[in-house]
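Novice: Just dropping this structure here.
The values are calculated or read from the model by the stated rules, or taken from the named source; none is laboratory data. Only a predicted model underlies this, so the values are computations on that prediction, with no experimental measurement involved. Positions of Cβ are backbone-derived with ideal geometry, glycine not excepted, and every protein chain shown enters the neighbour counts.
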Amino acid sequence: MTATTDGSTGAPGPRAAAASESTDTPPAPTTTGLDALSAAERAAQRSVEHLLARQDTEGWWKGDLETNVTMDAEDLLLRQFLGIQDEKTTGAAALFIRGEQREDGTWATFHGGPGELSTTVEAYVALRLAGDRPEDPHMALASAWIRKQGGIAASRVFTRIWLALFGWWKWDDLPELPPELICLPSWFPLNIYDFGCWARQTIVPLTIVSAKRPVRPAPFPLDELHTDRHHPNPPKPLAPAASWDGLFQRLDKVLHGYHRVALRPLRRAAMNTAAHWIIERQENDGCWGGIQPPAVYSLIALHLLGYDLRHPVMRAGLDSLDRFAVWREDGSRMIEACQSPVWDTCLATIALADAGLPADHSAMVRAADWMLAEEIVRPGDWAVRRPRLAPGGWAFEFHNDNYPDIDDTAEVVLALRRVKHPDPSRIDAAVARAGNWTLGMQSRNGAWAAFDADNTSRFPNRLPFCDFGEVIDPPSADVTAHVVEMLAHEGRAHHPRTRAGIEWLLAEQESNGAWFGRWGVNYLYGTGSVVPALAAAGLPTSHPAIRRAVHWLESVQNDDGGWGEDLRSYRDPTTAGQGVSTASQTAWALLALLAAGEREGKAVERGICFLAETQAPDGSWDEPYFTGTGFPWDFSINYHLYRQVFPLTALGRYVHGEPLGRRNGG
């Protein structure tokens, strides 16, 4: 894989001014509406040409999916553990990791974010593996900061698991997660299906690792990362027994005791069951779930059970990891946590259609053909909760048949309906399957989550093992909005399930008029998803919920005409809608305002001008800021195609009015 040509590997371009204080009256625009329309037409045309040039010959689009250096560090740790490290890979990964270090010696999880302890620990260890010395200035700076933050002992569980693999941490000082968990029935509390799909794919192999407790000889000590090298694992006080935290801490102590007395036949049977579960879920490309972390842990678990590196399962898994690597022009190597071709392709198709590209254009038909071929028509883990539901949906990645997701499915349907396909019956059949599957995946509260229905148990997040990110998959406003918009487009706006989704969305609106964004940053994404959905479902633009949303969007518009929001709003909601203006977040705000009937408003005009003025000559936009969300605050994503597809969608809808797909009719 090579670096993209959208400016993502170069230095950040000039940015608009930081967010201003909220105000009811935005500054006056510097151009007239006629000028804004002309600028929008020119910018949209350049953007269309740029996006068409990036389409793969097979019909798909895919931008880089940038996260943080823990992906690269853990890749090197895996190679060290398996004994498959090589000088070229190590050197290229180290070059990338060094390049991401901040002036204070730390590593962050998103552009402009604060230093993060676990990320910095893992990056430091990876550079030690690459040959960097503790006394090197950049390393000494990092280790001093780590000690100041509490050292390795203060890092998250997953970081300490990696260190335990090499004896840098004691297994006894880690939370216990027994492989017998795989044997619990689906109705029992804390069974594996109580976890979100990404968590269960990671936890099942880690139960094997936890049971085996392997230790490979450490190539060097890490004394410099402890606050007290003689007592590196200080005991932590227990929470009160009557509290949830106290209860689960004591449960962990019981599980530690069970580890010492577990019956060997039962444990062996549990590990074999877990191994069968893992192998059964390996995708055709060798990966697991289309994401890097489960693949890494699955390879370690199977290797511990005796699968050698030449075994077909192991060989395919290792080969799949190489496909997550993005080799850059400077010789560095970045690891993607995941790849997003289905998501990128449906969003690109929508953008091009709404910008006026003919519905029967060859690029549109190729995209539709590729998406149709990616439809998943067999049951996956979602069927545990919905055993009688017929399959029909799309995943996020190239290969992930076990986990189609509801968000992608809704957007793919909206994209397919914008294409005039030579065989419309293929689209009709796929859309019918997808619509019925999506309706069946509705949760009891009337909303939709990303992967599962009613994945809302309160217990998994309480486990001491689960101290990082989300481990359950509750419904969210952004996914529910996309589903409602899709169902409305399919003539199901008055379906009882659609109305239930609308009522849930209206109840979820924040007091300031915004909606929380689970899978994008943050209130701008949620609001930019919900308002177009409500409008598509027939709510009048005069509806109080829509007017409150418009008022909030206008109040947080930046002085430069754009919108931006920092990931800190996940921890501090009072900062909602505040941040440096970005192309993608400006587009989300515009999509909401346009759907709310504000096309002639000053806020829209200024936002359109911001997009036109910040566009690069090649039709692209530069955006170093992370506007995608994996886990709110804990894991952030810079989708390199977001800065292209969402601005084009907004420009197209400004120029042409309502989404063209609703007029083309497929």
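Novice: Looking at (1) under 26 Å from LEU129 (Cβ atoms); (2) part of a helix (DSSP H, G or I); (3) of a type outside the set (Gly, Ala, Ser), find the lone condition where PRO221 falls short.
Specialist: (2)
Novice: Would you say LEU163 is of a type outside the set (Lys, Arg) and closer than 24 Å to GLU66 by Cβ? Don't jump to the end; show me each part of the working.
Specialist: Numbers: of a type outside the set (Lys, Arg): yes; closer than 24 Å to GLU66 by Cβ: no.
Against the criterion (of a type outside the set (Lys, Arg) and closer than 24 Å to GLU66 by Cβ), LEU163 does not qualify.
Novice: Which residue pairs have Cβ atoms closer than 9 Å, lie 6 or more positions apart in sequence or on different chains, and pair a first residue in the range 424-450 that is more than 15 Å from THR409 (Cβ to Cβ) with a second residue that is modelled with pLDDT of 95 or more and of a type in the set (Lys, Arg)?
Specialist: Pairs found: GLY446/ARG497; GLY446/ARG499.
Novice: Something else now. Of everything in the range 443-465 that's of a type in the set (A, V, I, L, M) and farther than 14 Å from ALA481 by Cα, which residue is farthest from the chain's Cα centre (by Cα)?
Specialist: Filtering the range 443-465 for residues that are of a type in the set (A, V, I, L, M) and farther than 14 Å from ALA481 by Cα, the one farthest from the chain's Cα centre (by Cα) comes out as LEU463.
Novice: Scan the range 492-509 for residues that are under 13 Å from TRP448 (Cβ atoms) and in contact with a helix residue (DSSP H, G or I) (Cβ under 9 Å, 6 or more places away or on another chain) and jot them down.
Specialist: Hits for the range 492-509 are ARG497, THR498, GLY501, ILE502, TRP504, LEU505, GLU508.
Novice: Can we say LYS62 is charged (D, E, K, R) and not in a helix (DSSP H, G or I)?
Specialist: yes
Novice: Oh, and also: Quick one: is THR575 among the polar types (S, T, N, Q) and within 25 Å of ARG46 (Cβ to Cβ)? Quick ask: steps written out before the conclusion?
Specialist: Values: among the polar types (S, T, N, Q): yes; within 25 Å of ARG46 (Cβ to Cβ): no.
In short, no.
Novice: Would you mind stating whether TRP162 is surrounded by fewer than 19 Cβ atoms within 10 Å (Cβ to Cβ) and not acidic (Asp, Glu)?
Specialist: No, not satisfied.
Novice: Can you tell me how many residues in the range 342-363 are closer than 14 Å to ASP56 by Cβ and surrounded by fewer than 23 Cβ atoms within 10 Å (Cβ to Cβ)?
Specialist: The total comes to 2.
Novice: The conditions are (1) at pLDDT 95 or above; (2) buried (at least 16 other Cβ atoms within 10 Å of the Cβ); (3) within 26 Å of the chain's Cα centre (by Cα), and GLN80 fails exactly one of them. Which is it?
Specialist: Condition (3) is where GLN80 drops out.
Novice: Of these, GLY91, GLY131, which one is more than 25 Å from the chain's Cα centre (by Cα), closer than 21 Å to ALA218 by Cα, outside the structural domain of PHE635 (by TED's automatic domain parsing) and part of a loop (DSSP other than H, G, I, E, B)?
Specialist: Of GLY91, GLY131, the one residue that is more than 25 Å from the chain's Cα centre (by Cα), closer than 21 Å to ALA218 by Cα, outside the structural domain of PHE635 (by TED's automatic domain parsing) and part of a loop (DSSP other than H, G, I, E, B) is GLY131.
Novice: Another question about this same structure. Given the structure, is GLY528 on the phi > 0 side of the Ramachandran plot and either touching a strand residue (DSSP E or B) at 6+ places or on another chain (Cβ under 9 Å) or not aliphatic (A, V, I, L, M) (or both)?
Specialist: When the stated conditions are applied, GLY528 does not pass them.
Novice: Counting just the residues of the range 577-605 that are polar (S, T, N, Q) and assigned to a helix (DSSP H, G or I), which one comes out nearest to HIS640 (Cα to Cα)?
Specialist: Of everything passing the filter in the range 577-605, SER584 is nearest to HIS640 (Cα to Cα).
Novice: Could you check the range 108-118 and list, in sequence order, the residues that are within 19 Å of GLU623 (Cα to Cα) and either of a type in the set (D, E, K, R) or part of a loop (DSSP other than H, G, I, E, B) (or both)?
Specialist: Of everything in the range 108-118, those that are within 19 Å of GLU623 (Cα to Cα) and either of a type in the set (D, E, K, R) or part of a loop (DSSP other than H, G, I, E, B) (or both) turn out to be THR109, PHE110, HIS111, GLY112, GLY113, PRO114.
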